[in-house]
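Participant: Please read through the structure below; I'll follow up with questions.
The values are calculated or read from the model by the stated rules, or taken from the named source; none is laboratory data. From a predicted model like this one, the values you see are computed outputs, not experimental measurements. Every residue, glycine as well, gets a Cβ built from its backbone with ideal geometry; the counts of neighbours run over all protein chains shown. Heavy atoms of the whole protein, side chains included, go into the accessibility calculation; ligands, DNA and RNA do not. Shrake-Rupley method; radii C 1.70, N 1.55, O 1.52, S 1.80 Å.
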Amino acid sequence: MVESAVSTSITAVCRACGGSLDCFMSLGSQPVAQISPERPTEQTQIRYELRPSICLHCGLFQLIETPLPYIMFTNTYPYFSSTSAKMTYHLQKLSESVASELDVAGDPFVVEVGSNDGTFLKLIAEHGLRHLGVEPAEGAANIARSMGVSVLVTFFDSSTALQIRQSHGQADVIVGANVLAHMPSIIDVAKGIADLLKDDGLFVFEAIYLPDLLRCNMFDQLYGEHVFTFSVSSVRKVFAKCALELIDVCHVDVQGGSMRYVLAHRGRKNVAESVSHFIDFESRFGLGRADTYHMFAERCHKIRNDLRFLLGDLRKRQYRVVGYGASAKSTTLFNWCELDSSIVEYVTDCTKEKQGHYIPGTSIPVRSPEFFAQDRPDYALLSAWNHRTEIEAKEQHFRRRGGKWIVYVPEVATA
Ligand code: TMP
Ligand code: ZN
């Protein structure tokens, strides 16, 4: 792996096992995802080629090149789990189920890797449980702290794990919600988890599920932060390198389709049938076949063409189109499909920290939902399609006044 002076990490081989990679498509030159300020910064200067690939040895789906984590997860990183009611509810449920498994009398210790704004750990803290969040984005960490959550502002790796072990002792449970996929040095992270976890402890993490991404053509889930998209079979192999055993899995309905993985030290717990059930499913699905990925690439190219055709046609007919949701996904969407503000006038987003900024690599500004409500555009391209139910419920007035949604996953359609 090469960490270049230009702030990206490029690999020629699998980041987990060193196997050969089949790079089956390119989504072009991309800027760092999320949002950009008006004035150029070090972050806005960086470009990387977005090339997903599959390891022919361990099956780990990964990006060949990604901006280095310190470039992406800055103090002003603008993603907050609590922005979505659905995600908040989901993380609260996860935290209740973790808390209910722990015996307060035994002084258990819970660690969350990538604790963001404390949506998960807040409840653990309220239960009076000893806990620690590890979060590099100071803005998000400060929100968590204001709610009584303890946070260490740093990246999680094997040396952070050692530091926590020395200062707090080993953990009964380590949790990572949508964060393991963000960590290019995955083996070092896995080593840290194994070191920090008590002998009979549990490591629970959630991530976008590869078969969902492939089946629904979610090309926009590919961006620098998502250096990996996991499957049950790849997780089992990758973490086995650090003697962590996959003991249970459960499909969860967030982020367009995710998997919850439960791991323990090898041989310490029984392995549930769910693991072999999903491994069989993945084999039937074709995760081990090259054509599965090449066909995904073809379907994504068709979406790109269909969307560009539809938007070009709407513009010719003088309809006004805006976007809805300045998610990191929208950076991939707008840059790969080469859409600028002459096609999509602005993107609306309820995150205050994003409003007044721009979709990276484009001239498309981010505006508030209040602006959108008064502006009355004809069409809204739903770039936050994973929050569709929540957004459609909030924006009923848009449809009532004749506005139409444009979706592009799993295919281009208006509604
Ligand atoms: P995400 O897909 O990474 O969660 O990002 C979704 C974006 O959409 C995030 O910037 C917040 C925004 N959003 C709204 O503007 N309104 C909403 O109702 C929801 C749920 C999200
Ligand atoms: Zn591999």
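Participant: Is region 31-40 home to any residue that is outside any loop (DSSP other than H, G, I, E, B), in contact (Cβ under 8 Å) with a residue 60 or more places away in the chain and surrounded by fewer than 18 Cβ atoms within 10 Å (Cβ to Cβ)?
Facilitator: no
Participant: Right, another one. List the number of the failed condition for Val344; all other conditions in (1) buried (at least 24 other Cβ atoms within 10 Å of the Cβ); (2) touching a residue at least 60 places away in the same chain (Cβ under 8 Å); (3) farther than 13 Å from Leu27 by Cβ hold.
Facilitator: In the conditions (1) buried (at least 24 other Cβ atoms within 10 Å of the Cβ); (2) touching a residue at least 60 places away in the same chain (Cβ under 8 Å); (3) farther than 13 Å from Leu27 by Cβ, Val344 misses (2) alone.
Participant: Taking Glu206 and the conditions (1) in contact with a Ser or Thr (Cβ under 7 Å, 6 or more places away or on another chain); (2) assigned to a helix (DSSP H, G or I); (3) acidic (Asp, Glu), which numbered condition does it fall short on, given that it satisfies the others?
Facilitator: Among (1) in contact with a Ser or Thr (Cβ under 7 Å, 6 or more places away or on another chain); (2) assigned to a helix (DSSP H, G or I); (3) acidic (Asp, Glu), the lone unmet condition for Glu206 is (2).
Participant: Go through (1) open to solvent by 40 Å² or more (accessible area, probe 1.4 Å); (2) more than 14 Å from ligand 1 (Cβ to nearest atom) and name the single condition Val321 misses.
Facilitator: (1)
Participant: Can you tell me which residue among Leu333, Leu381 is in a helix (DSSP H, G or I), modelled with pLDDT of 95 or more, crowded, with 22+ Cβ neighbours inside 10 Å and away from ligand 1 (no atom under 11 Å from the Cβ)?
Facilitator: Going through Leu333, Leu381 in turn, the sole match is Leu333.
Participant: Filter region 77-125 for residues that are among the polar types (S, T, N, Q) and buried (at least 23 other Cβ atoms within 10 Å of the Cβ); which is farthest from ligand 1 (Cβ to nearest atom)? Write out each step before concluding.
Facilitator: Filtering region 77-125 down to residues among the polar types (S, T, N, Q) leaves 81-84, 88, 92, 95, 97, 100, 115-116, 119.
Now restrict to residues that are buried (at least 23 other Cβ atoms within 10 Å of the Cβ): 95, 115-116, 119.
Working: Ser95: 18, Ser115: 16, Asn116: 11, Thr119: 12 Å.
Going through the qualifying residues, I end up with Ser95.
Participant: Restricting the search to region 149-182, which residues are over 30 Å from Leu222 (Cα atoms), open to solvent by 50 Å² or more (accessible area, probe 1.4 Å) and of a type outside the set (Lys, Arg)?
Facilitator: Ser150, Leu162, Gln163, Gln166, Ser167, His168, Gln170
Participant: For Ile71, only one of the following conditions fails: (1) more than 19 Å from the chain's Cα centre (by Cα); (2) part of a helix (DSSP H, G or I). What is its number?
Facilitator: Of the numbered conditions (1) more than 19 Å from the chain's Cα centre (by Cα); (2) part of a helix (DSSP H, G or I), the odd one out for Ile71 is (1).
Participant: So is Cys58 open to solvent by less than 20 Å² (accessible area, probe 1.4 Å), at pLDDT 95 or above, within 16 Å of ligand 2 (Cβ to nearest atom) and under 23 Å from Asn217 (Cα atoms) or not?
Facilitator: yes
Participant: On the given criteria, is Ile186 open to solvent by 10 Å² or more (accessible area, probe 1.4 Å) and at pLDDT 95 or above? Even if it seems obvious, please write down each step before you answer.
Facilitator: Values: open to solvent by 10 Å² or more (accessible area, probe 1.4 Å): no; at pLDDT 95 or above: yes.
Spelling it out, it is not the case that Ile186 is open to solvent by 10 Å² or more (accessible area, probe 1.4 Å) and at pLDDT 95 or above.
Participant: Which residue out of Leu314, Leu214, Leu310 is aliphatic (A, V, I, L, M), under 29 Å from Gly19 (Cα atoms) and away from ligand 1 (no atom under 16 Å from the Cβ)?
Facilitator: Of Leu314, Leu214, Leu310, the one residue that is aliphatic (A, V, I, L, M), under 29 Å from Gly19 (Cα atoms) and away from ligand 1 (no atom under 16 Å from the Cβ) is Leu214.
Residue-wise test of (1) loosely packed, with under 15 Cβ neighbours inside 10 Å; (2) at negative phi; (3) within 16 Å of ligand 2 (Cβ to nearest atom).
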{"residue": "Phe239", "(1), (2), (3)": "no, yes, yes"}
{"residue": "Gly257", "(1), (2), (3)": "no, no, no"}
{"residue": "Ser283", "(1), (2), (3)": "yes, yes, no"}
{"residue": "His294", "(1), (2), (3)": "yes, yes, no"}
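Participant: Name the pairs: first residue in region 188-204 and within 16 Å of Arg15 (Cα to Cα), second residue in a strand (DSSP E or B) and open to solvent by less than 20 Å² (accessible area, probe 1.4 Å), Cβ to Cβ under 8 Å, at least 6 apart or on different chains?
Facilitator: Val189/Val113; Ala190/Leu244
Participant: Can you name the residue in region 348-370 that is away from ligand 1 (no atom under 12 Å from the Cβ) and not hydroxyl-bearing (Ser, Thr, Tyr) and is also nearest to the chain's Cα centre (by Cα) among such residues?
Facilitator: For region 348-370, the residue satisfying everything is Pro360.
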